[in-house]
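Participant: Here you go, one structure.
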Amino acid sequence: MDDLVDQVVGNVGIARPVAERAVGIVLDFLATEGPADTVRAMPGTAEAAAAHAEGDGLLGSVGGIMGVGSRLMSAGLGMSEIQGVARVLIAHARDKAGDQDVNAIVDSTPGLSQFLRHIQAGFGGKPNYAFLNL
């Protein structure tokens, strides 16, 4: 997981503790909402997800993709940083697991493909889904 966190820090420009938390939040979401066996099969995923599992309180009770967004914003990320984290995570996952596994995770996780399409489009920009290969 250290190489993934390093990529997030370098590409998104956020502090390492924030990057660690962001990666953990996303992995916790994927392990909870997506195909847990596929997600947890990636080295270091189970530990990172467990370290950042949903907590108590209002943000911990919001589920799904909206809950992830709320949790990432409460970690101090803005929308452009959330977009950057998502791009780095997808690229890293494709590199490590391959297109087929990543597409399976995206397709079977409620709301994820729509979220990724939305962030790729940006705010009013023309969508470009090529990086997702969906």
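The values are calculated or read from the model by the stated rules, or taken from the named source; none is laboratory data. As the structure is a prediction and not an experimental result, all values here were calculated from the model. All Cβ positions, glycine included, derive from the backbone under ideal geometry; neighbour counts span all protein chains shown.
Participant: Six or more apart or on different chains, Cβ atoms under 9 Å: show the pairs whose first residue is in the range 72-89 and under 18 Å from Arg117 (Cβ atoms) and whose second is in a helix (DSSP H, G or I) and among the basic types (Lys, Arg).
Facilitator: Leu72/Arg21
Participant: Within the range 95-110, take every residue that is without any contact (Cβ under 8 Å) to a residue 60 or more places away in the chain and within 20 Å of Ile65 (Cα to Cα) and give me the one that is surrounded by the fewest Cβ atoms within 10 Å (Cβ to Cβ).
Facilitator: Per the stated criteria, the residue is Asp107.
Participant: Hey, Arg71 hits all of (1) surrounded by 15 or more Cβ atoms within 10 Å (Cβ to Cβ); (2) within 15 Å of Val5 (Cα to Cα); (3) modelled with pLDDT of 90 or more but one; which does it fall short on?
Facilitator: The one condition Arg71 does not meet is (2).
Participant: Quick check on the range 1-34: of everything there that is of a type in the set (Val, Ile, Thr) and surrounded by fewer than 20 Cβ atoms within 10 Å (Cβ to Cβ), which residue is nearest to Asp107 (Cα to Cα)?
Facilitator: In this case the residue turns out to be Thr32.
Participant: Given the residues Leu77, Leu89, which is the only one that is modelled with pLDDT of 85 or more, outside any helix (DSSP H, G or I) and closer than 15 Å to Val8 by Cβ?
Facilitator: Among Leu77, Leu89, only Leu77 is modelled with pLDDT of 85 or more, outside any helix (DSSP H, G or I) and closer than 15 Å to Val8 by Cβ.
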